[in-house]
Amino acid sequence: MVSRLKERLSSNKESDKKEQTTGETNEDKENKKEQTVERTSEADLAFYNKYIEVANKVTDVADGMHKEYMNGVPDPKTLRKNSLVLALMFDFKVTDMERLLKEYKRSLLDGGELSKLSSENPDMKKEVEGDFKDLLDVMDSYYTTAKRVSDYYRTKEYQNDLSKAAEYDDEMKSRYERYKSSSEKFNDALKKYKPLRKKRDVNVSNPDEKAVNTLMNTYENTLDNAESFFGSFQKIEKNSGTETLQSKLDDFEKNFNSDKRDVESAPFTDKSKYMKYNFEDYFVKQVENFISETRKFLGNAAKMKESDFNKGYDNVVTYYNYMITAYNTSINTVNTFRVY
């Protein structure tokens, strides 16, 4: 007994020494764990989710404009006065860029939806909004150049003056590189502040609470898995293999189907059943459309011409954005529900 007591006292002294050395007691550690969980708030989630949607739309339009320029406008070295330049899709993307810039400038700078987003993390709000403002400025310059180039070919000005073609080509590519750099900075800031997700407890007695928690877990699991897959997908090149991406898509579909079954078996009541219908009729369809479009693209990518490859890639991005929009809309619907 005396030996055990000595061991115990010795152990307590060692523990005290460690706590003094690190300056962190066990109580401090527990508090830190609690603070980590508490970092996730509804405001931070809403802020992050909305800006994920913004980032995806920007990528869709800006990268799409660059691809259509590369596809529709010939190399200045091969351009002749009698060349037939059909850059209709490039013109459409320039118009999309104008519309997107107008929408987000009003939303962020003129009292719109983005300006009203709040966050419990002031650093997150300051950095993400600041980088997005910088990105809008860069995109504005990119759009101005693209509009001038689009008009040059649409009005056939090149037939009277070929000298501008090479200058415009260099400027377009330079503006695109500036956009890519600014876009990456904005996306990195957004990922840096990705809120920790707190898994909802489904072992509760109230059927509506159980159903809602199951639904929220499914929405958030799907978003996290989709972001992981899409991050890999964005790195695809024309001649790169697609086996790894197809395997990751299979995993994404498998996980989603498992979560979907949990929602289907959840105890929704007449009060909450409308959220289940929204999930089945809206969100599930958008996810399945994304999976279908991506699978079709990956299965044929190796056989596609460059132009078809780019169009297929853009289609996948478009369906991904539809899914993200469905996620945000559905999350807002669930957040308005109250369990009593």
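A compact table of results
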item: Residues of region 305-318 that turn out to be touching a residue at least 40 places away in the same chain (Cβ under 8 Å) and under 15 Å from L245 (Cβ atoms), as a count; result: 4
item: Condition met for A302 (part of a helix (DSSP H, G or I), touching a residue at least 40 places away in the same chain (Cβ under 8 Å) and either surrounded by fewer than 14 Cβ atoms within 10 Å (Cβ to Cβ) or in contact with a Cys (Cβ under 9 Å, 6 or more places away or on another chain) (or both)); result: yes
item: Pairs with Cβ under 8 Å, 6+ apart, first in region 43-71 and more than 16 Å from A189 (Cβ to Cβ) and of a type in the set (S, T, Y), second assigned to a helix (DSSP H, G or I) and modelled with pLDDT under 90; result: none
item: Some residue of region 253-263 being over 18 Å from A326 (Cβ atoms), touching a residue at least 12 places away in the same chain (Cβ under 8 Å) and either out of contact with any helix residue (DSSP H, G or I) (no Cβ under 6 Å at 6 or more places or on another chain) or part of a loop (DSSP other than H, G, I, E, B) (or both); result: no
item: S247, sole failed condition from (1) surrounded by 13 or more Cβ atoms within 10 Å (Cβ to Cβ); (2) at pLDDT 95 or above; (3) within 25 Å of the chain's Cα centre (by Cα); result: (1)
item: Residue match in region 226-243 (condition: modelled with pLDDT of 95 or more, more than 26 Å from R197 (Cα to Cα) and assigned to a helix (DSSP H, G or I)); result: no
item: Single unsatisfied condition, V204 versus (1) under 20 Å from T318 (Cα atoms); (2) without any contact (Cβ under 8 Å) to a residue 60 or more places away in the chain; (3) among the hydrophobic types (A, V, I, L, M, F, W, C); result: (1)
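The values are calculated or read from the model by the stated rules, or taken from the named source; none is laboratory data. Computed from a predicted model, the values in this text were never measured in an experiment. Counting neighbours? That spans all protein chains shown, and the Cβs are built from the backbone with ideal geometry, glycine included.
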